[in-house]
1. On a C-alpha basis, how far is the centre of the stretch 18-62 from the centre of the stretch 71-104 in Å? Whole number, if you could?
2. Remind me, what semi-axes does the chain give for its equivalent ellipsoid, largest first in whole Å, using sqrt of 5 times each Cα gyration tensor eigenvalue?
3. Accessible area per residue of the chain at 1.4 Å probe, in Å²?
4. Whenever you get a sec, compute what percent of the accessible area on the chain sits on carbon and sulfur atoms (1.4 Å probe).
5. Which peptide among 5-11, 93-99 comes first, and what is the full order, when sorted by highest mean count of other Cβ atoms within 10 Å?
6. Relative to the longest principal axis of the chain, what angle (0 to 90°, nearest 10) does the C-alpha long axis of helix 70-95 take?
7. Which value, in debye to the nearest 20, gives the size of the charge dipole of the chain about its Cα centre, when Lys and Arg are +1 and Asp and Glu are -1 at the Cβ?
8. Of the options Val80, Ala96, Val33, report the single residue whose Cα projects farthest towards the positive end of the charge dipole of the chain (beta-carbon charges: Lys, Arg +1; Asp, Glu -1).
Amino acid sequence: MAARTPGLGWFAAGLVFAAMIAVPGVLRARFGVSEVLTFWWAYVLTRPLGASFADWFAVPPQDRGLGLGTGPVTLALLTVIVLLVGALAVRARRAAPMPVAAGD
């Protein structure tokens, strides 16, 4: 809706949401606005931010996109997510204290 209704296009809509997602950080850092409010503000905007850029990659050029297709874009994003979650799991495991065996 943000890309089509005002005629922004997918990329410009993504930039608008990127700017909007930065606002809670500024409000929290500069003005001490509630952590809960700023968290939920940013959390709610993650969906349209990601969708705008994913659609920009996927939709055909006649619709002002890059035309990569939904399949390749989905596969690429899934790969990135799996790699990041895997890296976080490895990092957490390395940071965890070693268990002490019984009787030591």
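The values are calculated or read from the model by the stated rules, or taken from the named source; none is laboratory data. Computed from a predicted model, the values in this text were never measured in an experiment. FYI the Cβ positions are ideal-geometry reconstructions off the backbone, even for glycines, and counts take in every protein chain you see. Surface areas here come from the heavy atoms of the whole protein model, side chains and all, with no ligands, DNA or RNA. Shrake-Rupley method; radii C 1.70, N 1.55, O 1.52, S 1.80 Å.
1. The stretch 18-62 and the stretch 71-104 have Cα centres spaced 25 Å from each other.
2. Numbers: eigenvalues 262, 115, 12 Å².
Whole-Å semi-axes of the equivalent ellipsoid: 36, 24, 8.
3. Values: 7880 Å² over 104 residues.
With the other protein chains kept in place, the chain gives 76 Å² per residue.
4. Values: 5620 of 7880 Å².
Using a 1.4 Å probe with all protein chains present, the chain comes out at 71 percent carbon and sulfur.
5. On the way: 5-11: 14.7, 93-99: 6.6.
Most protected by this proxy first, the peptides run 5-11, 93-99.
6. 20
7. Details: 8 positive and 4 negative charges, 28 e Å.
So the magnitude is around 140 debye.
8. Val33
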